[in-house]
Amino acid sequence: MHSLAQEIRGFSRANLRKQRTRVTTLTGRRIVETWRGACLHMEEEEEAAPGGGFVQDFSADLQVGVVKPWLLLGSQDAAHDLETMRKHKVT
């Protein structure tokens, strides 16, 4: 079994998938962010989102990712939800 430190040392950027992040501003402007080498490249999309920007989501995000049996990853919503913490045996 590998330790977390060994996994971190064995990390390679070449194994990561290419990602594109689409950001919609309050005014409806759409910006696409991509990494090229070590630089973040941003380009604006031609058409703006109809009706303005994004809608704020006030619903609780209770999803928890299990990285290792002893290492969980989640939002502050999950950290404050007692049932979610019990479900994942967090003490």
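The values are calculated or read from the model by the stated rules, or taken from the named source; none is laboratory data. Note that the structure is predicted; figures quoted are calculated from it, not measured. Note that each Cβ is placed from the backbone with ideal geometry, even for glycine, and that neighbours are counted across all protein chains shown. These area figures cover heavy atoms from the full protein model, side chains too; ligands, DNA and RNA do not enter into them. Shrake-Rupley method; radii C 1.70, N 1.55, O 1.52, S 1.80 Å.
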Worksheet, complete the sentence: the stretch 4-44, convex hull of Cα, quarter of hull surface, nm² -> 4.2
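Going by accessible area, probe 1.4 Å, with all protein chains left in place, what is the ranking of R22, R30, largest first?
Order by accessible area, largest first: R22, R30.
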Worksheet item: Using a simple spin-label model with points 7 Å from Cα along the Cα→Cβ vector, what separation in nm is obtained for R36 and H2?
Response: 3.2
Worksheet item: Per residue, what volume in Å³ does the convex hull of the Cα atoms of the chain enclose?
Response: 150
Worksheet, complete the sentence: Length-normalised contact order of the chain, Cα under 8 Å, at least 6 apart, in percent, tallies to 16
